[in-house]
Amino acid sequence: MVDNSEVRGTSLHRSVTGSPPGTPNPIASEFAQDCVNCEQPAAMLDRIERRITLIGELPLEQRQRLLEIANLCPVHKSLTSRIDIQTELVNLSS
C-alpha cells in the first residue's frame, strides 16, 4: 500500500521532471543541498521574489488587471496571510 505523501511525491516528480519515479530528480538534489543548514536562523526564507513576464502588446489596464489576478491566486493568498500549521501523527489503517 502506498501512502498519500508518496503518491503526491510521485505526481510532483512526474509533473516537474516528466520522468517516472526512480530517475534522478535535480530538484530533489537541490532541495537536499538547501536543507543542509536550514535549522540555522540565517538560512530561513523570509522573502520571495516573483517576476511575471507578460508576452505580447497589452494595454496598461490589462497588465494591471493580470497582476491583480496573480495576487488573488490561492498560493499567493496562503503565502501572504498568517499561516497556522497544525500537524498530527495518524496511524495507517490495515
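The values are calculated or read from the model by the stated rules, or taken from the named source; none is laboratory data. Note that the structure is predicted; figures quoted are calculated from it, not measured. When we count neighbours, we look across all protein chains shown, and the Cβ atoms used for this are built from the backbone with ideal geometry, even at glycine.
Candidates are the residues of the range 43-55 that are within 21 Å of the chain's Cα centre (by Cα) and of a type in the set (A, V, I, L, M); the one that is modelled with the highest pLDDT is Ile52.
Only one of the listed residues (Thr17, Thr23) is surrounded by 10 or more Cβ atoms within 10 Å (Cβ to Cβ) and at pLDDT 65 or above. That residue is Thr23.
Counting the residues of the range 56-94 that are surrounded by fewer than 10 Cβ atoms within 10 Å (Cβ to Cβ), modelled with pLDDT under 90 and of a type in the set (A, V, I, L, M, F, W, C) gives 4.
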